[in-house]
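The values are calculated or read from the model by the stated rules, or taken from the named source; none is laboratory data. As the structure is a prediction and not an experimental result, all values here were calculated from the model. So basically every Cβ, Gly included, is an ideal-geometry build from the backbone, and we count neighbours across all protein chains shown. Calculation scope for accessible area: heavy atoms of the full protein, side chains included, ligands and nucleic acids excluded. Shrake-Rupley method; radii C 1.70, N 1.55, O 1.52, S 1.80 Å.
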Amino acid sequence: MKRPRHFLVATLLLLGLVYFFTQYESMSLSVGPANSHTGPSTNTQHTHDLPKQHSSHEGDKSSPVPLLKDVTVSGKLPPTSSLLPSKSILNLPTSSETPLPAIESTSTPPTSFIDFDFQKDLTLNLPVNTFTSLSKQAPHNYNPNGPKSYVYATFFASRNPSIEDPYFLAINSLIYRILWSPRSKTSKHPFVVFVGDFVSSQQRLLLAGAGAIVRELAPLPWNPTDLGVLDRWKDLFAKLHMWNETEFDRILFLDADALPIAPIDDMFSLKKVRNCIESKMQLDDFLPGGELVCEPYIFAGVPHDPYSIFDADINVGSMVFTPNSKQHQRLLQNYLKFDKYDVKMAEQAFLNWQFGINSAYPPGMLEREYGAFFPDEKGEKGMKVVHEKIWAAQRGVWKEEWDNSWKEMLQFYGSEEFETVRRADGESAS
């Protein structure tokens with residue numbers, strides 16, 4: 001009987017130890033961390049283009065859609081036309097930073113200096129009569145019969161026909177900064193505003209009056225079924241047609257919220273044309289007839305993660321590229337392959353797949369000064385392009401930048417100088 005009793009005692013002792021350590025581990029997991037950090041978590045979900053239930057801005061629908069979109073601390077951003085308020089204000093680490101351990105804090109967490117309701121109409125003055133009277137003039141700096149040239153470009157994809165639409169007004173600011181502002185204007189290059197086929201005739205007319213080329217891009221159907229995809233993103237893939245604008249030698253593309261505060265003509269030439277890496281060609285790089293797409297190219301922008309060996313995550317809201325008809329075909333044959341890229345990052349994820357750092361077409365890396373997303377509220381030394389919705393700034397240096405630049409713009413457009421220069425551009429041939 002001794003051996004069975006010893007076996008029973010040993011079994012009970014073992015079960016007791018298991019129970020004790022299970023309870024201890026459970027207690028240690030539930031105590032401490034919950035109260036150790038009162039500041040914002042590094043896993044906070046970023047709000048992205050918060051849709052309003054009755055907003056007409058850029059295709060948002062009244063049906064309920066997710067208000068939040070997961071953005072990891074790797075630094076990746078939502079699609080380029082809808083960047084979020086400053087990361088430096090939200091205290092979120094970049095991919096090259098190690099998140100600091102949680103510390104106890106009694107201070108109030110800082111709030112963003114950008115109003116999250118950045119899609120609401122803006123009640124700003126615009127020289128409608130002046131632009132209307134000059135809308136038949138030729139675009140400034142543009143010679144359609146001359147040699148291939150470099151061109152600045154943006155894409156207007158708002159379905160809001162109002163001239164108070166914030167993106168429409170931001171593009172007016174962008175045109176002024178590139179073509180006319182003494183602080184940031186180009187020395188000689190034209191500016192093209194690509195528009196969706198739904199953009200109103202009045203909006204087009206006013207953009208032309210300001211001196212821009214206005215050119216429509218055909219729609220490209222894009223309908224992934226992921227719940228995190230907002231309706232307005234579906235219009236953004238039309239911008240792939242920019243690669244077919246072979247009239248231009250290079251295109252410097254800026255989102256509506258990527259606003260120059262200094263001259264950036266040098267950005268066209270920061271990266272040289274390079275050859276594709278034929279040894280890295282994939283099946284997706286062949287056209288349907290078996291033709292290999294291995295063209296000399298430029299694709300350059302500011303990376304979110306310049307040290308990554310997997311994905312630099314180029315921010316395509318401020319980029320330089322070379323139009324090419326075969327590249328255009330390659331992009332169009334691949335953009336519906338939803339399993340190859342994160343559709344919740346829309347065209348930014350797609351272009352980072354097509355021009356990935358380990359692909360046949362690795363990107364050129366530009367310095368942050370050419371596309372400073374998440375700018376510091378107090379400004380940053382050496383910055384040339386601020387990539388933020390500063391029209392919605394509630395305070396600080398960027399509110400002053402937007403307000404002062406708008407006043408400067410209105411003063412110039414009301415001057416005889418502007419009308420004289422626009423008349424000198426001649427009448428448009430179209």
| Among F355, F350, F373, which is in contact with a Ser or Thr (Cβ under 9 Å, 6 or more places away or on another chain), of a type in the set (A, V, I, L, M, F, W, C) and closer than 24 Å to K234 by Cβ? | F373
| task | Kindly indicate which of L126, L169 is closer than 23 Å to N404 by Cα and open to solvent by 10 Å² or more (accessible area, probe 1.4 Å). | result | L126
| note | The helices (runs of 4 or more DSSP H) lying wholly within segment 305-413 that contain at least 1 residues that are in contact with a Phe, Trp or Tyr (Cβ under 7 Å, 6 or more places away or on another chain) and within 30 Å of E291 (Cα to Cα) are 325-334, 346-354
| field | Residues within segment 262-280 that are assigned to a loop (DSSP other than H, G, I, E, B) and more than 16 Å from L351 (Cα to Cα), tallied | value | 9
| Does segment 320-327 include one or more residues that are closer than 15 Å to M365 by Cβ and in contact (Cβ under 8 Å) with a residue 60 or more places away in the chain? | yes
| field | Within segment 224-237, considering residues that are surrounded by fewer than 22 Cβ atoms within 10 Å (Cβ to Cβ) and either among the charged types (D, E, K, R) or in a helix (DSSP H, G or I) (or both), the one modelled with the highest pLDDT | value | F237
| remark: Residues of segment 209-245 being touching a Pro at 6+ places or on another chain (Cβ under 7 Å) and over 23 Å from L336 (Cβ atoms), in sequence order, are G211, A212, I213
| query | Just one of A360, A372 is more than 22 Å from the chain's Cα centre (by Cα), open to solvent by less than 10 Å² (accessible area, probe 1.4 Å) and farther than 20 Å from M242 by Cβ; which is it? | reply | A360
| said: For segment 294-307, check the following and say yes or no: at least one residue is open to solvent by 30 Å² or more (accessible area, probe 1.4 Å), within 30 Å of L179 (Cα to Cα) and either out of contact with any helix residue (DSSP H, G or I) (no Cβ under 7 Å at 6 or more places or on another chain) or modelled with pLDDT under 95 (or both). | reply: yes
| query | Conditions: (1) open to solvent by less than 10 Å² (accessible area, probe 1.4 Å); (2) among the aliphatic types (A, V, I, L, M); (3) at pLDDT 95 or above. L332 meets all but one. Number of the miss? | reply | (1)
| request: Any chance you could count how many residues in segment 294-304 are in a loop (DSSP other than H, G, I, E, B) and either aliphatic (A, V, I, L, M) or free of Cβ contacts under 8 Å to residues at least 60 places away in the same chain (or both)? | output: 3
| request: Out of F131, F118, F156, report the one residue that is open to solvent by less than 40 Å² (accessible area, probe 1.4 Å), among the aromatic types (F, W, Y) and over 25 Å from the mean Cα position of the chain (by Cα). | output: F131
| request: Quickly run through segment 400-425 and pick out the residues that are without any contact (Cβ under 8 Å) to a residue 24 or more places away in the chain and either hydrophobic (A, V, I, L, M, F, W, C) or open to solvent by 70 Å² or more (accessible area, probe 1.4 Å) (or both). | output: E400, N404, K407, Q411, E416, E417, T420, A424
| request: Give the residues of segment 248-290 that are open to solvent by 20 Å² or more (accessible area, probe 1.4 Å), in contact with a helix residue (DSSP H, G or I) (Cβ under 8 Å, 6 or more places away or on another chain) and over 27 Å from F373 (Cβ atoms), sorted by residue number. | output: D284, P288
| task | Mind listing whichever residues of segment 245-261 are part of a loop (DSSP other than H, G, I, E, B) and more than 24 Å from F118 (Cα to Cα)? | result | E245, T246, E247
| Neighbours by Cβ (under 9 Å, 6+ apart or cross-chain): first from segment 280-293, more than 9 Å from Q333 (Cα to Cα); second open to solvent by 80 Å² or more (accessible area, probe 1.4 Å) and part of a loop (DSSP other than H, G, I, E, B) | K280/N358
